[in-house]
Amino acid sequence: MRLGASLAGLGGIVYGIDARTPGLGLHGQALAVLICVVVAGLGWLVRTVTVYLDNQHRTLTATAAGGALVTAGGLLMSIAPMPPALALAGMGAFTAAVELTPALATTLTAAGVLVAAVGTATINHQWVAFAGYSGGLVAITLAGFNRRQYKQRLVQAEQLLTQTRIATAADTRAAALDERTRIARDIHDVLAHSLGAVAVQLDAADALLEADTDAPRARHHVQRARHLAVDGLTETRRAIGALRNDAPPLGDQLSALVADHHNDAATPATLTIFGEPRPLPANAALTIYRTAQEGLSNARKHAPGQPVTLHVHYHRDNVAVTITNPTSTTADGSTLGATGGRYGLPGLAERATLLGGTLIAGQDATDWSLQLRLPT
């Protein structure tokens, strides 16, 4: 279709030239017009096939087509000034402006004007027609430059769109991997805490059965271990829910955690909140909950029977959590103290670092403390 339209346009121009004096012929000016038309026609056909070539060959063919068209158009203008002459030269200048560099396109346009000027000076001396031809050729060249810029903007827009799609896909993959990593880390923490608590209850039951002193209490510990296992599954589901921002308020979660510790360990545990509580990002709230959970679990294992205090301070730009308990008089190698994989604190420190916070654990002469601070 494109080739047919191009040939139809060339045919219309040739017909217009033949319809004007001196027309096409084999003698005198008519022969000169015929030669110009043949050269311009070849350039027109070369220009038509340029769009089907690669960039390397396109530059060569566009230069040849533009040169043939502007040269033939300029000579035709000097022999017999007519609009079809400007149409031929204009097509060459427009093609050069779109396909070639601005410097090369300007050179071809200047060459066309120069050929027309020399021909006008030596043949017909019609300078008014020459001025109109020259102005028209320059205007067509400028239009070609505008078309070139438009095409370049389209290419750049397509490249930008492609890069944006690639970047979006990469961000989506990264977000999915990050989400899976966070869920895996949290499920690991949940299972570690739940299994550690189960081990505590089973060890206590085993000690009572071995001493054969309190079978009902041993049975209670076994039942509590089963309850903790069921709670572990429930908490796993809740952990995933927390990552999706549908968890209960942090204060309610901490209150329930402290109450469970008091019931399980039969030791005092208190929660005190300072400042005005406010909603926190899901990751921050979950990290605070896990820190409190780890602190209470460690207190139960390593300082059985000792009271535990949990303080939450809401500051203007951060939240600080401190879990404190007196150090135990029980040897650290006790049955309860030996349970657990001892990976809880490193995991919590990693969580805090990822959120731009800090986690400090240690003891002084009388107390053990676990301190978390997260920016908000």
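The values are calculated or read from the model by the stated rules, or taken from the named source; none is laboratory data. Here the structure is a predicted model, which means the values were calculated and not measured. Note: ideal-geometry Cβ built from the backbone for every residue, glycine included; neighbour counts use all protein chains shown. In case anyone asks, the SASA skips ligands and DNA or RNA and just uses the protein heavy atoms, side chains included. Shrake-Rupley method; radii C 1.70, N 1.55, O 1.52, S 1.80 Å.
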What number goes with the only condition from (1) more than 27 Å from M91 (Cβ to Cβ); (2) surrounded by 12 or more Cβ atoms within 10 Å (Cβ to Cβ) that A167 does not pass?
(2)
Over region 75-103, the set of residues of a type outside the set (F, W, Y) and within 40 Å of the chain's Cα centre (by Cα) is T95, A96, A97, V98, E99, L100, T101, P102, A103
Output the number of the condition that R20 fails; it satisfies all remaining conditions of (1) at pLDDT 85 or above; (2) within 22 Å of G132 (Cα to Cα).
(1)
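Given the condition in a helix (DSSP H, G or I), in contact (Cβ under 8 Å) with a residue 40 or more places away in the chain and within 30 Å of A93 (Cβ to Cβ), answer yes or no: does some residue in region 148-157 qualify?
First pass over region 148-157, keeping only residues in a helix (DSSP H, G or I): 148-157.
With in contact (Cβ under 8 Å) with a residue 40 or more places away in the chain added as a condition, the list becomes 148, 151.
With within 30 Å of A93 (Cβ to Cβ) added as a condition, the list becomes 148, 151.
The answer is yes; a qualifying residue exists.
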If you go through L209, L202, L160, L191, the only one that is open to solvent by 50 Å² or more (accessible area, probe 1.4 Å) and modelled with pLDDT of 90 or more is L160
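From A89, A8, A62, A96, which residue is over 22 Å from G119 (Cβ atoms), aliphatic (A, V, I, L, M), modelled with pLDDT under 90 and open to solvent by less than 10 Å² (accessible area, probe 1.4 Å)?
Numbers: A89 fails: over 22 Å from G119 (Cβ atoms); A8 fails: open to solvent by less than 10 Å² (accessible area, probe 1.4 Å); A96 fails: over 22 Å from G119 (Cβ atoms).
Answer to the check: A62.
Condition check ((1) in a helix (DSSP H, G or I); (2) free of Cβ contacts under 8 Å to residues at least 12 places away in the same chain; (3) farther than 19 Å from A5 by Cβ) across all residues:
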position	(1), (2), (3)
V49	yes, no, no
L60	yes, yes, yes
L76	yes, no, yes
L86	yes, no, yes
Of these, T272, T287, T267, which one is within 43 Å of the chain's Cα centre (by Cα) and open to solvent by less than 20 Å² (accessible area, probe 1.4 Å)?
T287
Looking at region 150-207, which of its residues are basic (K, R) and under 30 Å from Q293 (Cβ atoms)?
R180, R182, R185
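Listed here are the residues, each with its yes/no results for (1) within 12 Å of P84 (Cα to Cα); (2) among the β-branched types (V, I, T).
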| position | (1), (2) |
| --- | --- |
| G9 | yes, no |
| I13 | yes, yes |
| G25 | no, no |
| A40 | yes, no |
Subset of region 21-55 (residues that are of a type outside the set (A, V, I, L, M, F, W, C) and either surrounded by 16 or more Cβ atoms within 10 Å (Cβ to Cβ) or under 16 Å from A68 (Cα atoms) (or both)):
P22, G41, G43, R47, T48, T50
Those residues of region 100-147 that are open to solvent by 50 Å² or more (accessible area, probe 1.4 Å), of a type outside the set (A, V, I, L, M) and either at positive phi or without any contact (Cβ under 8 Å) to a residue 12 or more places away in the chain (or both) come to a total of 5
